[in-house]
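Only one structure is covered here, and it is reproduced in the block below.
What follows draws every value from the coordinates through simple rules; no lab data is involved. Since the structure is predicted, the reported quantities are computational estimates derived from the model, not experimental observations. FYI the Cβ positions are ideal-geometry reconstructions off the backbone, even for glycines, and counts take in every protein chain you see.
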Amino acid sequence: MNPLSESGIRISGDVISSTDGRRRVEAISPIDGGVIGEVLQGTSADAAQAVDVAQDKLGAWSQTPVDERVRVLRAIAGALREEAQADDETSWAWLLSTETGKRLAEAQGEITFSAVYFDAFADLLEKQRDEHFDVIPGITHRVQPQPIGVFAVITPWNFPVSIPARKIAAALAAGCTVVFRAAALAALSSLRLSALLDRFVPAGVVNTVLGSPADVVDTWLARVDGVSFTGSTRVGRLLNEQIAPRFLPAVMELGGNASFVVLDDADVGSAVETLMIAKFRNNGQSCIGANNILIPRALAGDFRDALVEAASQLVIGDPREAATSLGPLAPAGDPSRVAALVDDAVAGGGEALLPQIEVPGQGHYASPQFVMGAPASSELVADEVFGPAAGIVVYDDLDEALTLQRGTGYGLASYVCTNDAARADAVAARFRAGIIGINTATPNYPGAPFGGLGLSGVGYEGGRQGLEAHQHFRTIATRSD
Ligand code: NAD
């Protein structure tokens, strides 16, 4: 791939490429450590200009008729779907795979999924109606959704296309304008989305400025009307503290620590198959990835054998090759941290089930690992791993497993595997989680809410709730007698 040179500043549809007082940041591929490009970073003045423009365009966009907003959202969805078809070296998917290390097929899937968000929010907007109440004699009440205003969209590196897509789609559907800052470590892939949006959205409705948090985020948080953030619990907490004095509405999608609970009637083969997806999706760097695995003692031996067998089939290597099933961690990921969490769980009495792999070349690869009998208190079990490793805790009593699931402080996703639908529902009802997979590793659906509890944040992104997160509701009472 020829090195790319991109500007991280797109304001009012214009790409700003003057280097005047601006710095450049290199993009490095985790596959081989090679430089794949550089991105011009914005300044606080750029950030301020982006908010000016977004405020200026708010009136027109918020009053754009629903039909027209729906048309724009669907046009974006169509263009994304078209982009997702290509997997040659010039394609967006290739860039996404090269920049983040995710498998090429997953990169294509991420772009397709981004399209689904734009369609889903078009559908939700079409369905949304003002409410009317004629209950109180002589007075009619109407409830009207209104856009909150200018939203700051701040995103992480693990899904640098689909996370911005789901945030921006919801904001646009609601009639909000957007200032968008993507993570520097996967910026080239995110900037393709900004460029695509500029083809369909009126100039100034979405403005992108990359740059340091101090320059960009601080400038925005002092002026925007709402915040949509996805990232770590640590940074989410910092932002929460910053916006509290302004009472800004915020969607905070933070870290996760999903439990993968197998019940004693489960089919072991199918549970392992589900776990392989839930754990190794995006090379283990997914907020809803299976993070701790809870196995009943009666199935422990069979589960262990089936898991070792399945993991021995993993093909680790260049994520752009079709045969590869596990790529490197993204540049922001930390293979040495994953190894340290595994070592610590082994030191605490666990057993590493998989041989240490020879990692290819110069890449940023982490060895996949499962630690059987990892202590429940080890960081491998109790905290977010964000890599291709997990601790397995063997339980004697389901209550023990559910206590662990509920006790991590997080509350984003969890999974249960069983052949008994009633038991599945009973366990799901006791999970502390916003997204639950029963015998499936893919519980996320754009038409349904996506959000967590506790350390996983507040608010929702998908579904009607995701649209409403960008709206405030006006109740108008009219005397009718
Ligand atoms: P991060 O919190 O380090 O960074 C997120 C974004 O915030 C990036 O754009 C980053 O540049 C910016 N940022 C960093 N420091 C900042 C500061 N002081 N002020 C303002 N902005 C700042 O997270 P990450 O490492 O990019 O992403 C991984 C984390 O994101 C994981 O914890 C993962 O679980 C979480 N995540 C959550 C979801 C979800 O939907 N709940 C989805 C994906 C990822």
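General observations
- Some residue of region 335-342 being among the β-branched types (Val, Ile, Thr), without any contact (Cβ under 8 Å) to a residue 40 or more places away in the chain, away from the ligand (no atom under 16 Å from the Cβ) and over 17 Å from residue 33 (Cα atoms): no
- Note on region 139-182: enclosed strands (runs of 3 or more DSSP E) holding 2 or more residues that are touching a helix residue (DSSP H, G or I) at 6+ places or on another chain (Cβ under 7 Å) and within 13 Å of the ligand (Cβ to nearest atom) are 150-154, 177-181.
- Scope region 364-383; condition within 16 Å of the ligand (Cβ to nearest atom) and surrounded by fewer than 24 Cβ atoms within 10 Å (Cβ to Cβ); matching residues: 364, 379, 382, 383
- Selection count, region 436-473, where residues are surrounded by fewer than 18 Cβ atoms within 10 Å (Cβ to Cβ), in contact with a strand residue (DSSP E or B) (Cβ under 6 Å, 6 or more places away or on another chain) and assigned to a loop (DSSP other than H, G, I, E, B): 1
Condition check ((1) hydroxyl-bearing (Ser, Thr, Tyr); (2) farther than 19 Å from residue 193 by Cβ; (3) assigned to a helix (DSSP H, G or I)) across all residues:
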| site | (1), (2), (3) |
| --- | --- |
| 51 | no, yes, yes |
| 61 | no, no, yes |
| 69 | no, no, yes |
| 90 | yes, no, no |
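- Lone unmet requirement of (1) in contact with a helix residue (DSSP H, G or I) (Cβ under 9 Å, 6 or more places away or on another chain); (2) free of Cβ contacts under 8 Å to residues at least 12 places away in the same chain for residue 445: (2)
- Selection status of residue 127, out of contact with any strand residue (DSSP E or B) (no Cβ under 7 Å at 6 or more places or on another chain), more than 18 Å from residue 447 (Cβ to Cβ) and basic (Lys, Arg): no
- Comparison of 277, 293, 288 shows that the only residue that is crowded, with 24+ Cβ neighbours inside 10 Å, away from the ligand (no atom under 11 Å from the Cβ) and not aromatic (Phe, Trp, Tyr) is 293.
- All positions within region 388-404 that are more than 15 Å from residue 351 (Cβ to Cβ) and surrounded by 24 or more Cβ atoms within 10 Å (Cβ to Cβ): 388, 401
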